[in-house]
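Written below as C-alpha coordinates is the structure these notes are about.
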Amino acid sequence: DQQVKQNSPSLSVQEGRISILNCDYTNSMFDYFLWYKKYPAEGPTFLISISSIKDKNEDGRFTVFLNKSAKHLSLHIVPSQPGDSAVYFCAASNAGGTSYGKLTFGQGTILTVHP
Amino acid sequence: KAGVTQTPRYLIKTRGQQVTLSCSPISGHRSVSWYQQTPGQGLQFLFEYFSETQRNKGNFPGRFSGRQFSNSRSEMNVSTLELGDSALYLCASSPEPLTGYGEKLFFGSGTQLSVL
(Lines give C-alpha, C1' and ligand atoms only; values in the text may rest on other atoms or scores of the structure.)
Protein backbone atom coordinates (compact mmCIF):
# COMPACT_ATOMS: atom_id res chain seq x y z
CA ASP A 1 0.00 0.00 0.00
CA GLN A 2 1.74 3.13 -1.28
CA GLN A 3 0.66 5.83 1.19
CA VAL A 4 2.75 8.53 -0.50
CA LYS A 5 2.72 8.71 -4.28
CA GLN A 6 4.61 10.75 -6.81
CA ASN A 7 2.80 9.97 -10.04
CA SER A 8 5.22 11.73 -12.37
CA PRO A 9 8.42 9.70 -12.76
CA SER A 10 10.13 12.57 -14.55
CA LEU A 11 9.84 16.28 -15.32
CA SER A 12 11.78 18.36 -17.82
CA VAL A 13 11.98 22.16 -17.48
CA GLN A 14 13.85 25.00 -19.14
CA GLU A 15 16.30 27.00 -17.03
CA GLY A 16 14.66 30.07 -15.49
CA ARG A 17 11.15 28.60 -15.62
CA ILE A 18 9.13 27.17 -12.76
CA SER A 19 9.39 23.49 -11.76
CA ILE A 20 6.35 21.98 -10.04
CA LEU A 21 6.71 18.58 -8.44
CA ASN A 22 3.61 16.89 -7.10
CA CYS A 23 2.90 14.42 -4.35
CA ASP A 24 -0.30 12.74 -3.15
CA TYR A 25 -0.91 10.89 0.09
CA THR A 26 -3.64 8.70 1.48
CA ASN A 27 -2.99 8.70 5.24
CA SER A 28 -4.79 11.62 6.87
CA MET A 29 -2.77 11.03 10.06
CA PHE A 30 0.44 12.41 8.59
CA ASP A 31 1.62 15.45 10.56
CA TYR A 32 4.65 16.61 8.61
CA PHE A 33 5.72 16.51 5.00
CA LEU A 34 9.27 16.83 3.76
CA TRP A 35 11.08 17.07 0.46
CA TYR A 36 14.49 15.55 -0.13
CA LYS A 37 16.75 15.95 -3.13
CA LYS A 38 19.11 13.23 -4.32
CA TYR A 39 22.01 13.51 -6.74
CA PRO A 40 23.52 10.34 -8.29
CA ALA A 41 25.97 8.53 -6.03
CA GLU A 42 24.97 10.70 -3.07
CA GLY A 43 22.47 10.28 -0.25
CA PRO A 44 19.26 12.32 -0.15
CA THR A 45 19.55 15.80 1.38
CA PHE A 46 16.77 17.65 3.14
CA LEU A 47 15.24 20.50 1.18
CA ILE A 48 12.15 21.88 2.89
CA SER A 49 9.29 20.73 5.14
CA ILE A 50 5.79 21.76 6.10
CA SER A 51 3.57 21.05 9.05
CA SER A 52 0.06 19.78 8.42
CA ILE A 53 -1.34 22.87 10.14
CA LYS A 54 0.12 25.14 7.47
CA ASP A 55 -0.64 25.46 3.78
CA LYS A 56 2.58 27.06 2.58
CA ASN A 57 6.24 27.20 3.49
CA GLU A 58 8.88 29.12 1.59
CA ASP A 59 12.68 28.96 1.62
CA GLY A 60 14.43 30.97 -1.04
CA ARG A 61 13.62 29.55 -4.46
CA PHE A 62 11.70 26.64 -2.93
CA THR A 63 8.07 26.75 -1.82
CA VAL A 64 5.96 23.85 -0.65
CA PHE A 65 2.17 24.02 -0.79
CA LEU A 66 -0.12 21.70 1.15
CA ASN A 67 -3.77 21.05 0.31
CA LYS A 68 -5.05 18.85 3.14
CA SER A 69 -8.54 18.42 1.76
CA ALA A 70 -7.12 17.04 -1.48
CA LYS A 71 -4.30 15.20 0.33
CA HIS A 72 -1.88 16.81 -2.08
CA LEU A 73 1.34 18.74 -1.80
CA SER A 74 3.58 20.35 -4.35
CA LEU A 75 7.10 21.73 -4.46
CA HIS A 76 7.68 24.83 -6.58
CA ILE A 77 11.18 25.80 -7.66
CA VAL A 78 11.48 29.31 -9.10
CA PRO A 79 13.59 30.02 -11.06
CA SER A 80 14.84 26.55 -11.95
CA GLN A 81 18.58 26.10 -12.42
CA PRO A 82 20.56 23.30 -14.09
CA GLY A 83 22.01 22.44 -10.66
CA ASP A 84 18.49 21.56 -9.51
CA SER A 85 18.56 18.51 -11.77
CA ALA A 86 18.17 15.60 -9.35
CA VAL A 87 15.66 13.09 -8.01
CA TYR A 88 13.13 14.66 -5.65
CA PHE A 89 11.45 12.59 -2.98
CA CYS A 90 8.37 13.55 -1.06
CA ALA A 91 8.13 12.08 2.45
CA ALA A 92 5.65 12.13 5.32
CA SER A 93 5.77 11.44 9.04
CA ASN A 94 3.23 10.77 11.77
CA ALA A 95 3.97 12.20 15.20
CA GLY A 96 1.53 9.97 17.02
CA GLY A 97 0.82 6.31 17.38
CA THR A 98 3.45 3.73 16.65
CA SER A 99 4.91 5.33 13.53
CA TYR A 100 7.50 7.52 15.25
CA GLY A 101 10.93 7.28 13.73
CA LYS A 102 9.56 6.34 10.34
CA LEU A 103 9.42 8.44 7.20
CA THR A 104 7.16 7.24 4.40
CA PHE A 105 8.62 8.17 1.02
CA GLY A 106 7.19 8.51 -2.46
CA GLN A 107 8.82 6.86 -5.46
CA GLY A 108 10.65 10.01 -6.52
CA THR A 109 10.52 12.35 -9.55
CA ILE A 110 13.54 12.92 -11.76
CA LEU A 111 13.82 16.64 -12.51
CA THR A 112 15.93 17.73 -15.47
CA VAL A 113 16.55 21.44 -15.97
CA HIS A 114 17.87 22.28 -19.43
CA PRO A 115 20.16 25.30 -19.93
CA LYS B 1 31.99 17.79 10.74
CA ALA B 2 32.20 14.58 8.78
CA GLY B 3 28.94 13.35 7.31
CA VAL B 4 27.32 9.96 7.64
CA THR B 5 29.75 7.28 6.49
CA GLN B 6 28.62 3.98 5.06
CA THR B 7 30.87 1.05 4.21
CA PRO B 8 31.35 -0.67 1.91
CA ARG B 9 30.22 1.47 -1.01
CA TYR B 10 29.54 -1.53 -3.26
CA LEU B 11 28.96 -5.17 -2.48
CA ILE B 12 28.33 -8.21 -4.66
CA LYS B 13 26.97 -11.36 -3.07
CA THR B 14 25.31 -14.55 -4.22
CA ARG B 15 21.93 -15.93 -3.21
CA GLY B 16 21.90 -17.61 0.18
CA GLN B 17 24.85 -15.65 1.56
CA GLN B 18 24.61 -13.12 4.32
CA VAL B 19 25.88 -9.56 4.41
CA THR B 20 26.68 -6.91 7.01
CA LEU B 21 26.59 -3.21 6.23
CA SER B 22 28.11 -0.54 8.43
CA CYS B 23 27.10 3.02 9.24
CA SER B 24 28.90 5.72 11.23
CA PRO B 25 26.59 8.64 12.05
CA ILE B 26 27.56 12.28 12.24
CA SER B 27 29.50 12.93 15.42
CA GLY B 28 27.05 13.65 18.23
CA HIS B 29 24.08 12.11 16.44
CA ARG B 30 22.52 9.34 18.45
CA SER B 31 19.67 8.13 16.23
CA VAL B 32 20.36 5.95 13.21
CA SER B 33 17.78 4.86 10.64
CA TRP B 34 18.08 2.47 7.71
CA TYR B 35 16.22 2.61 4.40
CA GLN B 36 16.15 0.41 1.33
CA GLN B 37 15.91 2.13 -2.05
CA THR B 38 14.83 0.22 -5.13
CA PRO B 39 13.85 1.61 -8.55
CA GLY B 40 10.18 2.53 -8.64
CA GLN B 41 9.68 1.93 -4.90
CA GLY B 42 11.31 4.96 -3.41
CA LEU B 43 12.81 4.55 0.04
CA GLN B 44 11.37 1.91 2.33
CA PHE B 45 11.92 2.19 6.09
CA LEU B 46 13.82 -0.69 7.65
CA PHE B 47 14.41 0.34 11.27
CA GLU B 48 15.48 3.11 13.63
CA TYR B 49 17.91 2.76 16.52
CA PHE B 50 18.56 5.00 19.49
CA SER B 51 20.67 4.22 22.56
CA GLU B 52 21.36 0.73 21.24
CA THR B 53 17.62 -0.02 21.12
CA GLN B 54 15.46 -0.60 18.08
CA ARG B 55 12.60 1.88 18.34
CA ASN B 56 10.65 0.92 15.27
CA LYS B 57 10.79 -1.55 12.43
CA GLY B 58 9.40 -1.52 8.89
CA ASN B 59 7.63 -4.30 7.01
CA PHE B 60 10.61 -6.43 6.15
CA PRO B 61 11.14 -10.13 6.87
CA GLY B 62 13.15 -11.28 9.86
CA ARG B 63 16.16 -11.86 7.58
CA PHE B 64 16.77 -8.13 7.97
CA SER B 65 18.22 -7.19 11.33
CA GLY B 66 20.34 -4.47 12.81
CA ARG B 67 22.05 -3.23 15.89
CA GLN B 68 23.56 -0.11 17.32
CA PHE B 69 26.67 0.15 19.41
CA SER B 70 27.40 2.37 22.40
CA ASN B 71 29.27 4.84 20.14
CA SER B 72 26.09 5.15 18.00
CA ARG B 73 27.62 3.31 15.07
CA SER B 74 25.18 0.87 13.51
CA GLU B 75 25.23 -2.27 11.43
CA MET B 76 22.53 -4.01 9.50
CA ASN B 77 22.59 -7.64 8.51
CA VAL B 78 20.71 -9.49 5.82
CA SER B 79 20.81 -13.27 6.00
CA THR B 80 19.95 -15.81 3.30
CA LEU B 81 20.13 -13.22 0.55
CA GLU B 82 17.55 -13.25 -2.24
CA LEU B 83 17.75 -11.67 -5.69
CA GLY B 84 15.11 -9.14 -4.62
CA ASP B 85 17.41 -7.82 -1.89
CA SER B 86 19.49 -6.06 -4.54
CA ALA B 87 19.11 -2.40 -3.67
CA LEU B 88 20.76 0.72 -2.36
CA TYR B 89 20.80 0.64 1.43
CA LEU B 90 20.83 4.06 2.99
CA CYS B 91 21.69 4.97 6.54
CA ALA B 92 20.59 8.26 8.08
CA SER B 93 21.34 9.90 11.39
CA SER B 94 19.78 12.61 13.53
CA PRO B 95 20.79 14.18 16.83
CA GLU B 96 17.87 12.84 18.85
CA PRO B 97 15.29 10.07 18.49
CA LEU B 98 12.74 10.82 15.82
CA THR B 99 9.30 11.88 17.01
CA GLY B 100 7.62 12.40 13.65
CA TYR B 101 7.57 16.19 14.01
CA GLY B 102 9.46 16.78 10.78
CA GLU B 103 13.00 16.24 12.03
CA LYS B 104 15.69 16.32 9.36
CA LEU B 105 17.51 13.13 8.50
CA PHE B 106 21.12 13.27 7.33
CA PHE B 107 21.80 10.49 4.87
CA GLY B 108 24.96 8.69 3.89
CA SER B 109 25.76 7.85 0.26
CA GLY B 110 24.58 4.29 0.73
CA THR B 111 25.81 0.79 0.07
CA GLN B 112 24.83 -0.65 -3.31
CA LEU B 113 24.17 -4.35 -2.81
CA SER B 114 23.91 -6.65 -5.81
CA VAL B 115 22.74 -10.22 -5.26
CA LEU B 116 23.58 -12.63 -8.09
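The values are calculated or read from the model by the stated rules, or taken from the named source; none is laboratory data. Bear in mind the structure is a predicted one, so any value in this text is a computation, not a measurement. Positions of Cβ are generated from backbone atoms using ideal geometry, with glycine treated the same way; all protein chains shown enter the neighbour counts. Side chains included, ligands, DNA and RNA excluded: accessible areas come from the protein's heavy atoms. Shrake-Rupley method; radii C 1.70, N 1.55, O 1.52, S 1.80 Å.
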*asked:* Explain nothing, just compute: Karplus ³J(HN,Hα) = 6.51 cos²θ - 1.76 cosθ + 1.60, θ = phi - 60°, for every residue of region A:43-54 in order, whole Hz, x for Gly and Pro.
replied: x, x, 10, 5, 10, 6, 9, 8, 7, 5, 8, 10
_Running a GNM on chain A with Cα contacts under 10 Å, which residue among A:Leu34, A:Leu66, A:Leu103 ends up with the highest mean-square fluctuation?_
A:Leu103
*Whenever you get a sec, line up A:Ile18, A:Ile48 from highest to lowest accessible area (probe 1.4 Å, protein heavy atoms).*
A:Ile18, A:Ile48
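Subtracting the Cα-Cα distance from 0.36 nm times the residue separation, let me have the gained length for A:Thr26 to A:Glu42 in nm, one decimal. Kindly include the intermediate steps, with their values, before the conclusion.
On the way: separation 16, 0.36 × 16 = 5.76 nm, distance 2.90 nm.
2.9 nm is the gain from fully extending A:Thr26 to A:Glu42.
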*Pick out, from B:Phe106, B:Leu81, B:Trp34, the residue whose Cα sits farthest towards the positive end of the charge dipole of the protein assembly as shown, with +1 on the Cβ of Lys and Arg and -1 on the Cβ of Asp and Glu.*
B:Leu81
*lysines within cross-link reach of B:Lys57: Cα-Cα under 28 Å, excluding same-chain residues under 8 positions apart?*
A:Lys5, A:Lys37, A:Lys38, A:Lys68, A:Lys71, A:Lys102, B:Lys13, B:Lys104
_Cα-based Kirkwood hydrodynamic radius, the protein assembly as shown, one decimal, Å_ = 18.0 Å
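Please give the average number of partner chain Cβ atoms lying within 10 Å of the Cβ of each residue in B:103-111, rounded to a whole number.
Neighbouring Cβ atoms belonging to other protein chains average 5 per residue here.
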*Under a 10 Å cutoff between Cα atoms, tell me which one of A:Ser12, A:Ser85, A:Ser93 has the largest fluctuation in the Gaussian network model of chain A.*
A:Ser12
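How much net charge surrounds B:Asp85 when only other residues with a Cβ under 12 Å from its Cβ are counted (Lys, Arg +1; Asp, Glu -1)?
On the way: positive: B:Lys13, B:Arg15, B:Arg63; negative: B:Glu82.
Once all neighbours under 12 Å are counted, the net charge is +2.
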*Sparse-neighbourhood loop sites, GluC sites (Glu not before Pro) in region B:61-116 - DSSP loop, at most 13 other Cβ within 10 angstrom*: B:Glu82
*Extending each Cα 7 Å along its Cβ direction at A:Ser10 and B:Ser79, get the distance between those two points in nm, one decimal.*
4.2 nm
*Can you pull the one-decimal nm distance between simple spin-label points at A:Gln3 and A:His76, each 7 Å off the Cα toward Cβ?*
2.9 nm
*Within straight-line cross-link reach of A:Lys56, aspartates and glutamates at Cα separation under 20 Å, skipping those fewer than 8 residues along the same chain*: A:Asp24, A:Asp31, B:Glu103
*Listed residues A:Ser69, B:Ser72, A:Ser99 arranged by accessible area, highest first, probe 1.4 Å*: A:Ser69, A:Ser99, B:Ser72
